[in-house]
Amino acid sequence: MAMAHVSIDSIRTEHDLEVFIRDHVETNDAYRTVCKGVIKNVSDILKNNIKGKYRPDEVLKTGSIAKGTAVKGKSDVDLVFVLSRREYQSIDRLYDDLPTILNYIKDALNTCPQFRKVRVQPRAVSFQTDCTEPGTGHTHVIDVDILPAVNFGDGKNEFIIIICSISYLLHQPQLLPCNRLATDIRSIHSQMRGTTTDKRNLYTPSLTKWQRDFIKKDRTEQLKKLIRFVKYWKNVCVE
């Protein structure tokens, strides 16, 4: 049973808005449990069906579900396909093998009929899948993108990550502090400055570990509610 869309025209007060978000926008435990099951299923399929140097070391969850901004009915999941650190130590190597890696991912997904519209994009493989909440019978469409990435390791110092971002935007690498983590960031920063746009775009998924905890921690629950409501309004009233 597909979830019915409810008009937002009846919202008049702050209380009305809170109730509307709670009843029609926010996901519940059943939805999150089903989504986690879908994500685990995709991760297991990729790990079990892709062999050799293209097999991922791990599959990381990002996107609206990971960030806590998913809405009922339709959400997106970005899965970062982290390649072997032994086989892929640079973005250049990933870039050279990217078409092959994307085709391996596509072939693995095509073995499962529940994954629809499996397509190779320039930097990712995308597909759709449905999940049904136990008890309610609500059906949700989940859009999934799988993005290959190099394993740059964990980013542990949030302050240094912020400084790295500022220095990159201002083109001022001398702003970077000096320690081992900063040395790693300096190297990545230098690589990004000196490469092509196509290769530079591959750094974003590769830096997921550095970014996700900082972003998740910094985002308040009220802001998450606002993001969910705007996404609901866009999906229902605009598209």
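Just for the range 18-36: of the residues that are of a type in the set (A, V, I, L, M) and surrounded by fewer than 16 Cβ atoms within 10 Å (Cβ to Cβ), which one is modelled with the lowest pLDDT?
Of all residues in the range 18-36, those of a type in the set (A, V, I, L, M) come to 19, 21, 25, 30, 34.
Checking which are surrounded by fewer than 16 Cβ atoms within 10 Å (Cβ to Cβ) leaves us with 19, 30.
On the way: Val19: 78, Ala30: 72.
In this case the residue turns out to be Ala30.
Are any residues in the range 127-147 in a loop (DSSP other than H, G, I, E, B) and of a type in the set (Ser, Thr, Tyr), and if so, which ones?
Thr136
What pairs come out if I take residues in the range 114-126 that are assigned to a strand (DSSP E or B) and pair them with residues that are of a type in the set (Lys, Arg) whose C-beta lies under 9 Å away, six or more apart or interchain?
Partner pairs satisfying both residue conditions: Val118/Lys106; Arg119/Lys106; Val120/Lys106; Val125/Lys106; Val125/Arg119; Ser126/Lys117; Ser126/Arg119.
Within 24 Å of Lys36 (Cα to Cα), open to solvent by 60 Å² or more (accessible area, probe 1.4 Å) and not basic (Lys, Arg): which single residue out of Gln128, Gln114 fits that description? Give the steps one after another, and end with the answer.
Working: Gln128 fails: open to solvent by 60 Å² or more (accessible area, probe 1.4 Å).
The match here is Gln114.
The values are calculated or read from the model by the stated rules, or taken from the named source; none is laboratory data. These figures come from a predicted structure and were not determined experimentally. Quick reminder, even Gly has a Cβ in these numbers, built from the backbone with ideal geometry, and neighbours come from all protein chains shown. Protein only, heavy atoms only, side chains kept; ligands, DNA and RNA dropped before computing areas. Shrake-Rupley method; radii C 1.70, N 1.55, O 1.52, S 1.80 Å.
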